[in-house]
Every structure is written in C-alpha cells, then in structure tokens.
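FYI, it's all coordinate maths here, none of it is from the lab. If you're wondering where the values come from, they're calculated on a predicted model, not measured in any experiment. Counting neighbours? That spans all protein chains shown, and the Cβs are built from the backbone with ideal geometry, glycine included.
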Amino acid sequence: VSFGYETVSPEEKTRRVGAVFSSVAKKYDIMNDAMSFGMHRAWKDRFVRRVKPQPGEAVLDMAGGTGDIAFRMADRGANVTVADINQDMLDVGAERAMEREAGPESGSLVFTHQNAEQVSFASNSFDAYTIVFGIRNVTYKDRALAEAFRVLRPGGRFFCMEFSTSEWAGFRDVYDLYSDLFLPRMGQAIAGDADSYRYLVESIRKFPSMPEFERMIAAAGFVNTRYEAILGGAVAIHSGWKV
Ligand code: SAM
C-alpha cells in the first residue's frame with residue numbers, strides 16, 4: 001500500500017488511518033465545513049434523500065464517524081447503528097447524540113466499534129447500509145463490500161458516497177491545486193496536522209473511478225447498481241440492491 005511517498009504494509013496503513021482520525025476527531029466537523037466551503041452539508045442531505053430511510057428501518061451507517069449521516073437518518077425515524085473503527089470519532093459522535101435535540105419521531109442511535117472488513121452483526125440483519133466518505137480509507141475494500149452484502153437482508157440497499165475523480169477537466173485542475181496547496185495548509189492551521197490532510201488527498205487520488213467502483217459493487221453481488229456524479233464526479237453516490 002502506498003502512503004504518500006512511502007509504501008507501507010496493509011497493517012501499517014490501518015494503523016495510520018486510525019492515527020489520522022484520532023488526531024482530527026475533535027476538529028472534524030469544523031474541518032469539513034472549512035474544506036468543502038460548507039458544501040458537505042448539502043451533499044449529505046442529498047445522499048440521505050437518495051437512501052430514503054423509512055420509520056422503523058434498521059440502517060447500518062458504516063464509518064459513521066461523528067454521526068452526520070446517522071442523525072439525518074434518525075430524524076426520518078430510522079433506527080441507526082453507527083459503526084466506526086475509530087473510538088475517538090465514535091466518542092465525539094455519542095457526545096453530539098446526547099446534546100442534540102431529537103424530535104418525537106426520531107429513531108434510535110447506537111454507536112459501535114467495528115471494522116468494515118469484518119463486521120460482528122448477523123447476516124441479513126439490516127434494511128440499508130450506508131458508508132459516506134469512509135470506504136476510501138478501508139484497506140481491503142472488496143472485503144468491506146462483501147460484508148455489506150452479507151449483513152443486508154434480501155431486498156436491502158447499499159449506498160456509498162465518496163470523493164472520486166471529476167470528469168470536468170477544468171474543475172480537476174483547480175481541484176488538484178486546491179488539494180496540493182490549500183488542504184494541507186488548512187489542516188495545519190485548524191487541526192495542527194498537515195500530514196493527515198496530505199494522506200486524505202492521496203487516498204482520494206487513489207480511489208477507483210466511478211465505473212470501476214460500480215463494478216466492484218456488482219462483483220460483491222449487488223444488482224441494479226448505479227452512480228450519480230456531483231460536480232462531475234468529485235463526489236459520487238453509488239448504490240446497489242441485494243436480492
Ligand atoms: N461518515 C462520516 C461523515 O461523513 O461525516 C465520517 C467520515 S470520515 C471522513 C471517515 C471515517 O471512516 C472515520 O471515522 C474513520 O475512522 C472511518 N474508518 C476508516 N477505516 C474504517 C474501517 N476499516 N472500518 C470502519 N470505519 C473506518
């Protein structure tokens with residue numbers, strides 16, 4: 001696995017990803033706003049509209065971090081299990097869950113420590129599986145997709161939102177410049193950690209193209225796979241169904 005300019009073992013990658021998110025957990029929400037110019041909120045709203053969580057549905061929000069997606073789905077009445085490999089991110093999420101004002105129709109929220117590659121839940125136990133800005137950090141993406149397929153019940157749906165590569169050439173140039181110059185500096189200024197943000201840039205560049213990732217989802221067993229590009233594919237929403 002290549003990590004910045006070095007090549008490291010998969011175990012070392014997992015350890016470093018852990019360190020990245022532990023170092024930014026407390027500043028994570030501020031960073032998201034700063035880095036995406038607030039756009040991540042609209043992307044997340046759009047994503048949840050696509051998932052259409054129904055009251056009483058059981059949803060697994062993998063790599064759920066500090067709960068942004070989970071809260072939106074619980075607000076629609078879904079019972080959400082927030083799973084993440086990083087306890088620091090989960091702790092911030094649980095704290096936010098206690099502080100937030102949940103409406104009377106809100107579904108439940110449970111926070112649990114899990115690795116997407118090997119999930120502790122029984123097969124066929126969820127109506128929907130979501131993973132947002134998470135899968136690019138997972139070392140063995142095919143294992144995570146296989147686990148998503150396993151824990152979904154037949155008829156269950158898979159939704160993933162991730163940074164991908166924009167097909168708009170002009171946009172891509174600006175984005176590259178922004179990634180190389182602006183992001184690490186902002187990481188340094190806000191979280192005191194430029195390296196974490198260099199890693200994030202690297203992980204986005206290495207992520208498979210939209211059609212390639214769709215093929216990976218189909219290879220895990222999902223049908224009716226599709227994707228929707230935002231900003232030409234700088235952000236992409238992939239989905240598929242288990243039958
Ligand atoms: N979904 C949240 C959101 O959109 O705000 C959090 C996204 S954050 C960029 C990525 C999350 O993926 C981190 O919380 C990190 O700990 C988690 N993660 C990375 N590798 C993982 C793995 N193998 N299994 C579960 N979670 C993982």
Which FRET efficiency value, to the nearest 0.05, is calculated for PHE171 and ASP195 with the Förster distance at 22 angstrom and r the Cβ-Cβ distance? 0.25
Along its principal axes, what span do the Cα atoms of segment 151-203 show, with the longest given first and each in whole Å? 46, 30, 15
Starting from the 7 Å offset along Cα-to-Cβ, what nm value, one decimal, do you get for the label separation of GLU228 and GLU99? 3.0 nm
Find, to one decimal place in angstroms, the Kirkwood hydrodynamic radius of segment 46-166, where the mean of 1/r is taken over every pair of different Cα atoms and then inverted. 14.2 Å
Kirkwood Rh over alpha-carbon pairs of segment 1-111 plugged into Stokes-Einstein at 37 °C, 0.692 mPa s gives a D in µm²/s of 218 µm²/s
At R0 = 51 Å the Cβ-Cβ FRET efficiency linking GLN188 and VAL243, nearest 0.05, sits at 0.60
Quick one: Cα convex hull volume of the chain, Å³ per residue? 113 Å³
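Please give the contour-minus-distance gain from SER36 to LYS206: 0.36 nm per residue of separation, less the Cα-Cα distance, rounded to one decimal in nm. Before the final figure, lay out each step's value.
Working: separation 170, 0.36 × 170 = 61.20 nm, distance 1.94 nm.
Extra length available between SER36 and LYS206 comes to 59.3 nm.
Go through 67-75, 172-180 and give me the packing order, highest mean Cβ count within 10 Å leading. Intermediate values should be presented prior to the final figure.
On the way: 67-75: 24.2, 172-180: 13.6.
Per-residue mean Cβ counts within 10 Å order the peptides as 67-75, 172-180.
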Unsatisfied cross-links (Cα-Cα over 24 Å) in the set LYS13/LYS44; LYS26/LYS141; LYS26/LYS206; LYS44/LYS206: LYS13/LYS44; LYS26/LYS141; LYS26/LYS206
Quick one: which of 15-28, 37-50, 83-96 comes out on top by average Cβ neighbours within 10 Å, and what's the full order, highest first? 83-96, 15-28, 37-50
Asserting the computed 222 nm helical MRE of the chain (DSSP H runs at least 4 long, -39500 (n - 2.57) per run, divided by residue count, to nearest 500) equals -13500 deg cm²/dmol
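Could you tell me what percent of the DSSP beta bridges with both partners in the chain are antiparallel, to the nearest 5? Walk me through the intermediate numbers first.
Details: 16 of 36 bridges.
In the chain, DSSP labels about 45 percent of beta bridges as antiparallel.
Which ordering of VAL82, VAL119, VAL223 is given by a fewest-first count of other beta-carbon atoms within 10 Å?
Working: VAL82 30, VAL119 23, VAL223 10.
Fewest-to-most ranking of VAL82, VAL119, VAL223: VAL223, VAL119, VAL82.
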Span-like helices, the chain: DSSP H, alpha-carbon axial extent 20 Å or more, mean Kyte-Doolittle 0.5 or greater, which ones? none
